Amino acid sequence: MDKTGHWVYGADQTEVEDGATWAINPFSFIHGFIAWGEGEVLGEKMVPVSQPLPEMDAAPPNAKRGWETQVGMSLKCLDGEDEGLEARYTVTSVGGKRAVQALALAIAQQVDADASKPVPVVALKKEHYQHKSYGRIYTPVFEILKWIGMDGPTEEVVEEAPAAPTRRRRSAV
């Protein structure tokens, strides 16, 4: 999500299509640290959430804020112009980390309820609040639309059985 509240991906900051749905891989959640310079990543160390946070050395020179904690996960677009695109979402902001943690909690609750469908299909939404110093601040929202299995969405396809050949009866005259 950029500073204007648009969901974007890639180095070119390509906007995500409105209305697209995304599947979150429940086994892809990561946490760790990142060090930013002037618009570039100077260092990053991420591990699965099942592992403890990595031990870190001193932050790289020119790191604006030293090492910052970061969380993230992988997601895949299910429809629209980005269908099939796989992306990694990582975030350091308080609002972003809360959104990822809320999503992880929802997945845990879903697994307890129905372990056969642990994958949330989400719409990428946003909220905002007014900060005293920085103005309007956007925060991500992962709106869960439905739950699917790890094999992806299943379509119940009902195929019509082929018509039985018709036979004509000859009548005896």
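The values are calculated or read from the model by the stated rules, or taken from the named source; none is laboratory data. These figures come from a predicted structure and were not determined experimentally. Here Cβ is always computed from backbone atoms with ideal geometry, including for glycine, and neighbour counts include all displayed protein chains. We work out accessible area using only protein heavy atoms, side chains counted, and drop any ligands, DNA or RNA first. Shrake-Rupley method; radii C 1.70, N 1.55, O 1.52, S 1.80 Å.
May I ask you to verify whether residue 6 is touching a residue at least 12 places away in the same chain (Cβ under 8 Å), within 27 Å of residue 146 (Cβ to Cβ) and not hydroxyl-bearing (Ser, Thr, Tyr)?
Details: touching a residue at least 12 places away in the same chain (Cβ under 8 Å): no; within 27 Å of residue 146 (Cβ to Cβ): yes; not hydroxyl-bearing (Ser, Thr, Tyr): yes.
No.
Spot the failing condition for residue 50; the list is (1) modelled with pLDDT under 95; (2) more than 19 Å from residue 145 (Cα to Cα), and only one is missed.
Of everything listed in (1) modelled with pLDDT under 95; (2) more than 19 Å from residue 145 (Cα to Cα), residue 50 misses just condition (1).
Pick from the range 101-139 the residues that are among the aliphatic types (A, V, I, L, M) and closer than 16 Å to residue 6 by Cβ: which of them is modelled with the lowest pLDDT?
In the first step, residues of the range 101-139 are kept if they are among the aliphatic types (A, V, I, L, M); the result is 102-108, 111, 113, 115, 119, 121-124, 137.
Those still in the list that are closer than 16 Å to residue 6 by Cβ too: 123-124, 137.
On the way: 123: 98, 124: 97, 137: 92.
Once the filter is applied, the top-ranked residue is 137.
For the range 27-38, enumerate the residues that are open to solvent by 70 Å² or more (accessible area, probe 1.4 Å) and either in a strand (DSSP E or B) or touching a Phe, Trp or Tyr at 6+ places or on another chain (Cβ under 9 Å) (or both).
If we filter the range 27-38 for residues that are open to solvent by 70 Å² or more (accessible area, probe 1.4 Å), which is where we start, we get 27, 36, 38.
Correct list: 36 only.
Just a yes or no: is a residue in the range 44-67 within 19 Å of residue 3 (Cα to Cα), part of a loop (DSSP other than H, G, I, E, B) and touching a Lys or Arg at 6+ places or on another chain (Cβ under 8 Å)?
Narrowing the range 44-67 to residues within 19 Å of residue 3 (Cα to Cα): 64-65.
Next, only the ones that are part of a loop (DSSP other than H, G, I, E, B) stay: 64-65.
Filter once more, so that each one left must be touching a Lys or Arg at 6+ places or on another chain (Cβ under 8 Å): none.
No: zero hits.
Can you pull out every residue in the range 126-142 that is at negative phi and loosely packed, with under 12 Cβ neighbours inside 10 Å?
129, 130, 131, 132, 133, 134, 136
Can you tell me which of 51, 70, 101 is loosely packed, with under 12 Cβ neighbours inside 10 Å and of a type outside the set (A, V, I, L, M, F, W, C)?
Working: 70 fails: loosely packed, with under 12 Cβ neighbours inside 10 Å; 101 fails: loosely packed, with under 12 Cβ neighbours inside 10 Å.
Residue meeting the stated conditions: 51.
Looking at the range 38-49, is at least one residue touching an Asp or Glu at 6+ places or on another chain (Cβ under 7 Å) and farther than 20 Å from residue 97 by Cα? Write out each step before concluding.
Restricting attention to the range 38-49, the residues satisfying the condition of being touching an Asp or Glu at 6+ places or on another chain (Cβ under 7 Å) are none.
No, the range 38-49 contains no residue that is touching an Asp or Glu at 6+ places or on another chain (Cβ under 7 Å) and farther than 20 Å from residue 97 by Cα.
In the range 11-26, what residues are part of a loop (DSSP other than H, G, I, E, B), among the hydrophobic types (A, V, I, L, M, F, W, C) and within 15 Å of residue 90 (Cα to Cα)?
Of all residues in the range 11-26, those part of a loop (DSSP other than H, G, I, E, B) come to 11-13, 16-20, 25-26.
Those left that are additionally among the hydrophobic types (A, V, I, L, M, F, W, C): 11, 16, 20.
The one that is part of a loop (DSSP other than H, G, I, E, B), among the hydrophobic types (A, V, I, L, M, F, W, C) and within 15 Å of residue 90 (Cα to Cα): 11.
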